[in-house]
Amino acid sequence: MSFFLQLLFSGIVLGLVYALAALGFVLIYKASRVVNFAQGQFIAIGAFLAYWAMVSLGAPFLLAAALALALTALLGFGVERVFLKRLVGQPIISVIMATIGLASLLDGLIHLTPYGAGNFSYPSFLPAGGLTLLGVQISYAQLLAVAFTLLFLLAFTWFFQRSTLGVAMRSVADDQMAAMSLGVSVERVFALAWAAAGLTAAAAGMVVGTISGLNLDGLVHIGLRVFPVVILGGLDSIPGAVVAGILIGVLENLAAGFLDPFIPGGGTRDVFPFLVLLLVLWFKPHGLFGTEEIERV
């Protein structure tokens, strides 16, 4: 029973990281109907910015985290203003190809830095050990990751429900033309969506770095692993990203714990989420919480 609970808790932690990373995809898609294939690179940049601030500047973790969040949000804002603003009104495939090219560009730039190869870890800032609850070993790094992720999810929930900018972003997501007729700046919303995506990406990267260390390929790979999360939850649903992230994280861990011993070579954690995704999409093509759109013909 304790083995199951250990897998369950670790899966929830992993799922919250997926949810945080998926939130960036959802924010951009809700605002502009574009899928950002450079999200993995944003995750890596945010994580390594915090590492650089802690190691090179000697900043404490909270200050380094704030700096990384601000710089990655600024990067997202700048990317939209410089590269993607000119593509407004162009075919969606053109914008998607631009984000794929952006991913390759950012990946190449990161490889030019000292962090392009090798494994790194944040300087120790948490006490050793952890807690034991119902036979489950919970490290302080995992507790910090859960608290950090929940804080961000609650903050974004408040932002979209209560703030003026959040309501403006929701209005653009629902109907761009109607939002423009009411005086909402669609271009400004697009830029803010990319900035918010950079913010969530940096948060996800720092959470991963706190739990398992920093590696460029591993961080970029998270940006790809959250695609099943985004599609399963619904491309335009923030609650769906959270629910699907936790579901995928738990299923990955349970599959690795209980199915790998019976499968030569293992690797079921990489396959099982996609099987669940296909099964769900068979019955709900728009995802668990996605908006089903009816177009006039």
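Touching a residue at least 60 places away in the same chain (Cβ under 8 Å), exposed (fewer than 12 other Cβ atoms within 10 Å of the Cβ) and not in a helix (DSSP H, G or I): does that describe Ala128? No: the conditions fail for Ala128. Residues that are acidic (Asp, Glu) and either in contact with a helix residue (DSSP H, G or I) (Cβ under 8 Å, 6 or more places away or on another chain) or on the phi > 0 side of the Ramachandran plot (or both) within the range 151-201 comprise just one, Glu187.
Residue pairs whose Cβ atoms lie under 8 Å apart, separated by 6 or more positions or on different chains, with the first residue in the range 223-246 and touching a residue at least 24 places away in the same chain (Cβ under 8 Å) and closer than 13 Å to Leu14 by Cβ and the second open to solvent by 40 Å² or more (accessible area, probe 1.4 Å) and of a type in the set (Val, Ile, Thr), are Ile246/Ile12. When Thr149, Thr113 are checked against the criterion of being out of contact with any Lys or Arg (no Cβ under 8 Å at 6 or more places or on another chain), open to solvent by less than 50 Å² (accessible area, probe 1.4 Å), polar (S, T, N, Q) and in contact (Cβ under 8 Å) with a residue 40 or more places away in the chain, a single residue qualifies: Thr149. Across the range 180-206, which residue is least open to solvent (accessible area, probe 1.4 Å) among those that are in a loop (DSSP other than H, G, I, E, B) and not small (Gly, Ala, Ser)? So the residue we want is Val184. Of everything listed in (1) open to solvent by 20 Å² or more (accessible area, probe 1.4 Å); (2) modelled with pLDDT of 90 or more, the single unmet condition for Ala44 is (1). Can you tell me which residue within the range 59-98, out of those that are at pLDDT 90 or above and either in contact with a strand residue (DSSP E or B) (Cβ under 9 Å, 6 or more places away or on another chain) or not hydrophobic (A, V, I, L, M, F, W, C) (or both), is surrounded by the fewest Cβ atoms within 10 Å (Cβ to Cβ)? Residue satisfying both the conditions and the ranking: Pro60. Does Ile93 qualify as being among the hydrophobic types (A, V, I, L, M, F, W, C) and within 18 Å of the chain's Cα centre (by Cα)? No. Within the range 263-275, does at least one residue satisfy the condition of being among the aliphatic types (A, V, I, L, M), modelled with pLDDT under 80 and either open to solvent by 30 Å² or more (accessible area, probe 1.4 Å) or not in a helix (DSSP H, G or I) (or both)? Yes: the range 263-275 contains one or more residues that are among the aliphatic types (A, V, I, L, M), modelled with pLDDT under 80 and either open to solvent by 30 Å² or more (accessible area, probe 1.4 Å) or not in a helix (DSSP H, G or I) (or both). Considering only the range 158-166, I want to know if a residue exists there that is surrounded by fewer than 18 Cβ atoms within 10 Å (Cβ to Cβ), free of Cβ contacts under 8 Å to residues at least 24 places away in the same chain and not in a helix (DSSP H, G or I). Within the range 158-166 (the criterion being surrounded by fewer than 18 Cβ atoms within 10 Å (Cβ to Cβ), free of Cβ contacts under 8 Å to residues at least 24 places away in the same chain and not in a helix (DSSP H, G or I)), the answer is yes, since at least one residue qualifies.
The residues in the range 88-110 that are part of a helix (DSSP H, G or I), farther than 25 Å from Ser212 by Cβ and in contact (Cβ under 8 Å) with a residue 60 or more places away in the chain can be counted, and the count is 5.
When the range 207-224 is filtered for residues that are in contact with a Ser or Thr (Cβ under 8 Å, 6 or more places away or on another chain), of a type outside the set (A, V, I, L, M, F, W, C), within 14 Å of Ala141 (Cα to Cα) and in a helix (DSSP H, G or I), only Gly209 remains. Restricting attention to the range 225-262, the residues being among the acidic types (Asp, Glu) and either closer than 20 Å to Leu7 by Cβ or open to solvent by 40 Å² or more (accessible area, probe 1.4 Å) (or both) number 2.
The values are calculated or read from the model by the stated rules, or taken from the named source; none is laboratory data. Keep in mind the model is a prediction, meaning the values are calculated, not measured. Using ideal geometry, Cβ is built from the backbone for each residue, glycine included, and neighbour counts are taken over all protein chains shown. The area values use the complete protein model at the heavy-atom level, side chains included, leaving out ligands, DNA and RNA. Shrake-Rupley method; radii C 1.70, N 1.55, O 1.52, S 1.80 Å.
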